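Participant: So that we are looking at the same thing, I have put the structure below in structure tokens.
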Amino acid sequence: MKILVTGGLGYIGSHTVVELQNQGFEVVIIDNLSNASIEVLDGIEAITGKKPIFEKIDLREKQKVQDFFKKHGDVEGVIHFAASKAVGESVEKPLLYYENNIATLVYLLQELQKKESSSFIFSSSCTVYGQADQLPVSEDAPVKPAESPYGNTKQIGEEIISDVCRVTPQIKSIALRYFNPIGAHPSIEIGELPKGVPQNLVPFITQTGIGLRKQLAVFGADYPTADGTCIRDYIHVVDLAKAHVVALQRSLNDRNEGNFEVFNLGTGKGSSVLEVIQSFERVSGVKLNYEVVERRPGDVIRAYADTKKANEILGWKAETTLDEAIKSAWDWEQKIRN
Ligand code: WQD
């Protein structure tokens, strides 16, 4: 069975391609290489022994999207990762985000509407909840006004899919709201390749540990938490990838309630910034150079998932511990820098 993975050479996309191939799916990747390198294909093949079909397409080119689905009429499911995802950049360049994250979604759904039946797995984010009133955060927590155009594109994306599914019973869609993906494949053949200065905590930690960055800035230690730093739910990227395969199988087997469902993907455990630093020092033996600075605007204090729905309905549970995830990130950092 052929599955399209858009953004399949990216961080979460590439790990999901590996898990799809492990489950016997034939994978075709679309990527415009704006935030990924073609060498990731070799990394995937090194792990699974199978090189996915790859088509360099920019999903903003509607005609190219239409031509793709004419050529690959046997695609039965789509896992849609391709999107811009830098929160700060989205504030500076909103139209880039609305075009790249919304127009492309519309073009994909227009193609799926023409098919007899299809599955559509959408990469969403816990960012839609903002600062949830109740923790852990469950799927029925209210979606709050987005703090950034990036977050808004995830909210709008879910609404578009919901509206389309309401009038298109042959599309079975599941939106997956990620918490904080971290780490690398245990083979260290693939991992996170942030462009430029990492925005996210864990790649900044490993780059500081390896000496690429002088010091980690901890954005605030005066929050109302045990150690004063923000709390997040750090989920290993392979656990996240496996959840995509399970969600795809659920939608392909026509088991999803109605034809649009939403699941939170996290470990259910919150970790503070200082706890992540301590985890890194424990698994690497490296003393991390960091300094507490001002809070980062837009940061929520606490976010960690209520995983009951995914555990019970998808039959999926994150298995990797924080230390194991951080260790994989550190192993990957050492490999790509040597
Ligand atoms: C985590 C914690 C920071 C960097 C973002 C997006 C979200 C999703 C995941 C795409 C926070 C602190 C960070 C640093 C720090 N992305 N931090 N120093 O903000 O929870 O989520 O990435 O889908 O949509 O919003 O992740 O890793 O940036 O920050 O102190 O150099 O680490 O303040 O408390 P975040 P993050």
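The values are calculated or read from the model by the stated rules, or taken from the named source; none is laboratory data. On a predicted model such as this, the values are computed, not experimentally measured, just so you know. We place every Cβ from the backbone using ideal geometry, glycine too, and count neighbours over all the protein chains shown. When the accessible area is computed, the model is the full protein with side chains, heavy atoms only, and any ligands, DNA or RNA have been set aside. Shrake-Rupley method; radii C 1.70, N 1.55, O 1.52, S 1.80 Å.
Participant: Of R255, R250, which residue is more than 10 Å from the ligand (Cβ to nearest atom), of a type in the set (K, R), open to solvent by less than 70 Å² (accessible area, probe 1.4 Å) and assigned by TED's automatic domain parsing to the domain that holds S138?
Facilitator: Of the residues listed, the single one that is more than 10 Å from the ligand (Cβ to nearest atom), of a type in the set (K, R), open to solvent by less than 70 Å² (accessible area, probe 1.4 Å) and assigned by TED's automatic domain parsing to the domain that holds S138 is R250.
Participant: Take the residues in the range 188-240 that are among the small types (G, A, S) and closer than 22 Å to G13 by Cβ, then tell me which one is surrounded by the most Cβ atoms within 10 Å (Cβ to Cβ).
Facilitator: The residue in question is G191.
Participant: State whether the residues of the range 126-147 include one that is out of contact with any strand residue (DSSP E or B) (no Cβ under 8 Å at 6 or more places or on another chain), over 20 Å from N264 (Cα atoms) and free of Cβ contacts under 8 Å to residues at least 60 places away in the same chain.
Facilitator: no
Participant: Exactly one of these conditions fails for I161: (1) open to solvent by 10 Å² or more (accessible area, probe 1.4 Å); (2) under 25 Å from V91 (Cα atoms); (3) more than 16 Å from the ligand (Cβ to nearest atom). Give me its number.
Facilitator: (1)
Participant: On to the next question. Within the range 60-83, can one find any residue that is in contact with a Lys or Arg (Cβ under 9 Å, 6 or more places away or on another chain) and within 16 Å of the ligand (Cβ to nearest atom)?
Facilitator: Yes, the conditions are met somewhere in the range 60-83.
Participant: For residues that are more than 12 Å from the ligand (Cβ to nearest atom), open to solvent by less than 20 Å² (accessible area, probe 1.4 Å) and of a type in the set (S, T, Y), tally how many sit in the range 101-149.
Facilitator: Number of matching residues: 3.
Participant: So, one more: Take the range 76-100 and flag every residue that is over 30 Å from Q21 (Cα atoms) and either open to solvent by 30 Å² or more (accessible area, probe 1.4 Å) or without any contact (Cβ under 8 Å) to a residue 12 or more places away in the chain (or both).
Facilitator: V87, G88, E89, V91, E92, K93, P94, L95, L96, Y98, E99
Here is a yes/no grid of residues against (1) aliphatic (A, V, I, L, M); (2) touching a residue at least 60 places away in the same chain (Cβ under 8 Å); (3) touching a Cys at 6+ places or on another chain (Cβ under 8 Å):
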{"residue": "D233", "(1), (2), (3)": "no, yes, yes"}
{"residue": "A247", "(1), (2), (3)": "yes, yes, no"}
{"residue": "S279", "(1), (2), (3)": "no, no, no"}
{"residue": "L288", "(1), (2), (3)": "yes, yes, no"}
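Participant: Could you check, for the range 323-336, whether at least one of its residues is modelled with pLDDT of 95 or more, aromatic (F, W, Y), out of contact with any Lys or Arg (no Cβ under 8 Å at 6 or more places or on another chain) and assigned to a helix (DSSP H, G or I)?
Facilitator: yes
Participant: Scan the range 168-187 for residues that are within 15 Å of the ligand (Cβ to nearest atom) and open to solvent by less than 20 Å² (accessible area, probe 1.4 Å) and report the count.
Facilitator: 7
Participant: Counting only residues that are small (G, A, S) and within 22 Å of T206 (Cα to Cα), which one in the range 271-320 is surrounded by the most Cβ atoms within 10 Å (Cβ to Cβ)?
Facilitator: S279
Participant: So, one more: Here are the criteria: (1) within 21 Å of the chain's Cα centre (by Cα); (2) under 30 Å from R255 (Cβ atoms). Tell me which single one P145 does not satisfy.
Facilitator: Among (1) within 21 Å of the chain's Cα centre (by Cα); (2) under 30 Å from R255 (Cβ atoms), the lone unmet condition for P145 is (2).
Participant: Restricting the first residue to the range 179-194 and requiring it to be modelled with pLDDT of 95 or more and aromatic (F, W, Y), which pairs with a second residue that is within 13 Å of the ligand (Cβ to nearest atom) and assigned to a loop (DSSP other than H, G, I, E, B) meet a Cβ separation below 8 Å and a spacing of at least six or different chains?
Facilitator: From residues that are modelled with pLDDT of 95 or more and aromatic (F, W, Y), the pairs are F179/D233; F179/G266; F179/A303; F179/Y304.
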